[in-house]
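Shown next, in structure tokens, is the structure this report addresses.
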Amino acid sequence: MSYIDELFGLKNKVALVTGGGRGIGQTVAVALAKAGAELVIISRSGADETVKLIEKEGGKAYSLIADVTKEASVDTAMAEILKRSGRLDVVFNNAGVCIHKGTLEASIEEWREVIDINLTGEYIVARAAGRLMIEHKIKGSIINMASMSGSIVNIPQWQASYNASKAGVIHMTRSLAIEWAEYGIRVNSLSPGYIGTPMSVDTPKELKDAWMPLIPAHRMGKPEELAGAVIYLASEHSGYTNGSDLIVDGGYVCV
Ligand code: NDP
């Protein structure tokens, strides 16, 4: 076994990625599989393409349809994972949405939708996974998807619900990390800056042009540039990293 495999390898681990049908979740799922994990992908519309990409690389994966906002749907998925894979070691709690609207224009339903998927959805998935890990004495790693928007207010687009949901994810992460430390379960969050995915690529050009001078790297990040961060947090090499928020944003929040 190489030194790198020894540090970061995920052989014999089962990893769940929510929202892995496209975007960041898809890229990270393929990377986790390349690091040796068996992958389970959850989304509302399926993730056959991600499963095919993993199988093409010689990895093992299957997808389950589930809605992270529905407790019963997530519980059914967890039961299926236990039945098919026998364990769950890593969760990349990634499913999320963003609505760009000023507070005076956005409806309460839009606020609720974003909070429901991004914050409550991650809570429902983390809770179900934590319960499973505790019951089966698994010292797992849960990585919650936050965003630099949990620490700064983006301009010029208004997105109060998104920013609040991601700030909530960062502090929920710290809370669960402390609550479950005694079981050896680690909970950390990842806070990317602007990353080129279906969520952000369809963004109007004027908006992207406004972002560029604010990003010290003067470019958007690629989903591939998040893979190493997630593999690090998933691996036993990060065994002393708990409750942290890993920022990968080209330097945005420093300015
Ligand atoms: P995409 O829109 O490309 O992908 C989002 C994924 O989430 C899809 O697979 C979608 O599948 C799934 N999803 C959405 N709602 C639910 C739900 N209720 N239940 C299950 N799955 C759901 O987004 P990105 O890849 O860009 O973003 C992924 C995460 O990264 C999000 O949490 C986002 O906030 C965060 N992020 C993104 C950044 C960016 O610049 N792109 C920057 C910082 C953070 P389906 O619709 O089939 O359910």
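The values are calculated or read from the model by the stated rules, or taken from the named source; none is laboratory data. If you're wondering where the values come from, they're calculated on a predicted model, not measured in any experiment. Don't worry about glycine lacking a Cβ; one is built from the backbone with ideal geometry, like all the others, and counts go over all protein chains shown. In case anyone asks, the SASA skips ligands and DNA or RNA and just uses the protein heavy atoms, side chains included. Shrake-Rupley method; radii C 1.70, N 1.55, O 1.52, S 1.80 Å.
Distance between the pseudo-spin-label points of Arg174 and Ile99 (7 Å out from Cα toward the beta carbon): 2.8 nm. By the Stokes-Einstein formula, at 1.002 mPa s and 20 °C, the range 1-60 with its Kirkwood radius over alpha-carbon pairs has D equal to 187 µm²/s. Helix 121-135 and the long axis of the chain differ in direction by around 20°, with both axes built from C-alpha atoms. Return, ordered by residue number, the residues of the range 145-181 whose backbone nitrogen is under 19 Å from a label point located 7 Å along Cα→Cβ of Arg44. 145, 161-163, 165-166, by backbone N distance to the label point. Does anyone have the angle between helix 224-234 and the longest principal axis of the chain? Alpha-carbon axes, 0 to 90°, nearest 10? Value to nearest ten degrees: 50. Rolling a 1.4 Å probe over the protein heavy atoms leaves Glu182 with an accessible area of roughly 150 Å².
Among Lys34/Lys70; Lys166/Lys205; Lys11/Lys222; Lys13/Lys70; Lys52/Lys137; Lys60/Lys139, which pairs are too far apart, with a Cα-Cα distance over 28 Å? Could the numbers behind the result be given before it?
Numbers: Lys34/Lys70 30 Å; Lys166/Lys205 24 Å; Lys11/Lys222 26 Å; Lys13/Lys70 26 Å; Lys52/Lys137 31 Å; Lys60/Lys139 22 Å.
The answer is Lys34/Lys70; Lys52/Lys137.
Distances between every pair of Cα atoms in the chain, grouped in 5 Å steps from 0 to the bin holding the largest one, split as 1, 6, 14, 18, 21, 17, 12, 7, 3, 1, 0, 0 percent.
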